[in-house]
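Right, one structure below, let's go through it.
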Amino acid sequence: MIAFFVVPLMNLLARYDIQHSEHLPASGPAVVSPNHYSEIDPIVIGLAMWKRGRTPRFLAKASLFKVPVVGWILRKTGQIPVERRQRNTSDPLAAANKLTENGLAVVIYPEGTLTRDPDLWPMRGKHGAVRMALEHDVPLIPVAHWGTQAVLPRYGKRISFFPRKDISIRFGAPVDLTPFKGRPLDHATLNAATDKLMDAIAALLSELRGEPAPAERWDPSKAGQSETGRFD
């Protein structure tokens, strides 16, 4: 029902070049991990997954569930609230775990927020995506896209409708987590697995942009930037 309204609108905004969507399993559980640099990214990734025949589920900021209409849509489509500023009795990853157990595709942005990298490359990743993939032994699918910044710049307030934009989305082969299976999911293991995921995402984005990714990923803490919310 929601796709009936969203898909035509998104098709008016842009042309989509969806590459190697066969890497996203047609059924069964999967963790999908894209890069993130515009507030409209989730809709673009959701559209790409929908065209593959998969209904995406996202971890969304809890505050969005209180916004009229938006909150209703999030609840109706089974999205998962994440409380960032305080500990809650409900664990968002535990809720997402249920979705993987039910054979659904869960989108987890490994950066946790919009990248702070000034050139929009993926920054340092967090552990949520690889932890879920390792705990449940499900495919971890890296994804990169490029072009959404032309529709809505990072922290922009106005969507650009004209001229129609071009957005490319490339799915990668599942990240090989074999070296980490059976190991304790301690900080060292999760860091190494997350680095491997971020390397895969950066490589996909490099192919889309036609230029090499930075040798070192952006680290907000080293740049004196906040981990959440606006930073400029």
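The values are calculated or read from the model by the stated rules, or taken from the named source; none is laboratory data. Fair warning: this is a prediction, and the values are worked out from it, not measured in the lab. All Cβ positions, even for glycine, are placed from backbone atoms using ideal geometry, and neighbour counts span all protein chains on display. Remember, those area values only see protein heavy atoms, side chains included, never the ligands or the DNA or RNA. Shrake-Rupley method; radii C 1.70, N 1.55, O 1.52, S 1.80 Å.
Things worth noting here:
- Residue list for segment 50-71, filter: modelled with pLDDT of 80 or more, open to solvent by 40 Å² or more (accessible area, probe 1.4 Å) and in a helix (DSSP H, G or I): W50, K51, K66
- Residues of segment 99-113 satisfying the condition of being assigned to a strand (DSSP E or B) and either of a type in the set (G, A, S) or open to solvent by 10 Å² or more (accessible area, probe 1.4 Å) (or both): A105
- Filtered residues of segment 158-176 (kept if open to solvent by 50 Å² or more (accessible area, probe 1.4 Å) and touching a Gly at 6+ places or on another chain (Cβ under 6 Å)): D166
- For segment 210-224, residues that are crowded, with 16+ Cβ neighbours inside 10 Å and not aromatic (F, W, Y) total 3.
- Failed item, numbered, when Y155 is tested on (1) at negative phi; (2) surrounded by fewer than 22 Cβ atoms within 10 Å (Cβ to Cβ); (3) hydroxyl-bearing (S, T, Y): (1)
- Verdict on K157 being within 21 Å of A60 (Cα to Cα) and without any contact (Cβ under 8 Å) to a residue 12 or more places away in the chain: yes
- Taken over segment 114-148, residues that are open to solvent by 50 Å² or more (accessible area, probe 1.4 Å) and either assigned to a helix (DSSP H, G or I) or within 21 Å of P220 (Cα to Cα) (or both) amount to 7.
- The sole residue among N97, N88 that is modelled with pLDDT under 75 and more than 25 Å from L13 (Cβ to Cβ) is N88.
- Test: residue in segment 208-228 that is among the β-branched types (V, I, T), closer than 23 Å to V143 by Cβ and assigned to a loop (DSSP other than H, G, I, E, B): yes
- Residue within segment 6-14 that is at pLDDT below 85 and under 18 Å from the mean Cα position of the chain (by Cα) present: no
- Qualifying residue in segment 33-49 (condition: part of a helix (DSSP H, G or I), over 23 Å from P153 (Cβ atoms) and at pLDDT 95 or above): yes
- Residue count, segment 3-24 (criterion: open to solvent by 50 Å² or more (accessible area, probe 1.4 Å) and more than 25 Å from P163 (Cβ to Cβ)): 4
- Test: residue in segment 209-229 that is more than 20 Å from the chain's Cα centre (by Cα), at pLDDT 95 or above and within 12 Å of R131 (Cα to Cα): no
- Contact map, segment 120-147: residues that are of a type in the set (A, V, I, L, M) paired with residues that are open to solvent by 10 Å² or more (accessible area, probe 1.4 Å) and assigned to a strand (DSSP E or B), Cβ distance under 9 Å, separation 6+ or inter-chain. Pairs shown: L120/W146; M123/W218; V143/R170; A144/S168; A144/R170.
- Criterion violated by L190 - all others in (1) open to solvent by less than 20 Å² (accessible area, probe 1.4 Å); (2) not in a helix (DSSP H, G or I) satisfied: (2)
- Some residue of segment 32-42 being open to solvent by less than 60 Å² (accessible area, probe 1.4 Å), over 15 Å from I169 (Cα atoms) and in contact with a Gly (Cβ under 9 Å, 6 or more places away or on another chain): no
- Taking the listed residues L74, L93, the one that is touching a Lys or Arg at 6+ places or on another chain (Cβ under 8 Å) and part of a helix (DSSP H, G or I) is L93, with no other qualifying.
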